[in-house]
Amino acid sequence: MSHKPDSLKPDTTTTRGGDIARHKADDRHFVTALARGLEVLACFRSEENTLSNQEIAQRCQLPKSTVSRLTATLTRLGYLTTDPASGKYQLGIATLALGVGMLAKLDIRQIARPLMQEIADFSQASVSLAVRDRLSMLYIENCRSSSALTLSLDVGSRVPIASSAIGRAYLAAAPASERAEIIERINELDPQTGKAIIQGLEQALKDYDRYGCAVSFREWNPNVNAVAVSLKLGSRFPLMALNCGGPAFQLSQEFLLEEVVPKLHHAANSLIDALGVP
């Protein structure tokens, strides 16, 4: 990110402090706090990875104390995350969930689709690409075989992060600080569920060491078997996971581990090569 003074000036393409004041005065239905939160998200630009509270305050023309409360709330909800190295803020994956319809413009889906479809046809199952959305995994791409028995999950579907193979693959590759944050949030909601996510994380790490993948054999759903691998595609994309799953009576554990997992790894490596990830 540039550190020139001009880079800290309010950007009129993303900062509309005057508009907020005008709407507040003219429309009793206008929610100022919501507008300010959206302004904070909008002030991030594609060429920048992180912003501090001070930089956000200058761009949004808001008091720093107000911005501090907004960024704390947005971080709590997953719309912002903090960079461990600098302590600054960056957009969180929850912002992606706001615009699933825009995902077709992501070149990662266009590149991944033929690779995923090949695995789906081979396994006669479903293959999905997902990112984390709070305590779930959000599907951003899905390919199915022609089999009538494949899973009905599609783009925009969510599965639990703790018990699904694709969630466990994500957890296995996530930074320790993120795992701790997920566990903390789960414990706040339900301590009993918190125990489950800890067990899921421990299992994911063991399975990755043993199989080179995460697995969920009749755990997320008693009728479903699935395997998944994590996918790190550099700074342009969030951490992702790629899975293959379907009816347990149709997809044996042995078939998934011995035949499908190597194909998932091949697809992951092909995506890395295609995107030029170092």
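Going by C-beta contacts inside 10 Å, put Ser163, Ser177 in order with the fewest on the left.
The fewest-first ordering by Cβ neighbours comes to Ser177, Ser163.
Using only the alpha carbons, work out the radius of gyration and Dmax of region 97-275 in angstrom.
Final numbers for Rg and Dmax: 15.1, 42 Å.
Sorted from fewest to most neighbouring beta carbons within 10 Å, what does the list Phe30, Phe217 look like?
The fewest-first ordering by Cβ neighbours comes to Phe30, Phe217.
Could you please rank Thr81, Thr75, placing first whichever residue has the fewest other Cβ atoms within 10 Å of its Cβ? Could you put the intermediate results ahead of the total?
Values: Thr81 19, Thr75 15.
The fewest-first ordering by Cβ neighbours comes to Thr75, Thr81.
When the dipole is taken about the Cα centre of region 107-196, and only Lys, Arg (+1) and Asp, Glu (-1) are charged at their Cβ, what size is it in debye, to the nearest 20?
Values: 10 positive and 11 negative charges, 23 e Å.
The calculated dipole for region 107-196 is roughly 100 debye.
Rule-based calculations on the coordinates, nothing more; no lab input. Keep in mind that what you see is a predicted model, and the values were worked out from it rather than measured. Heads up, the Cβs are rebuilt from the backbone with ideal geometry, glycines too, and the neighbour counts pull from every protein chain shown.
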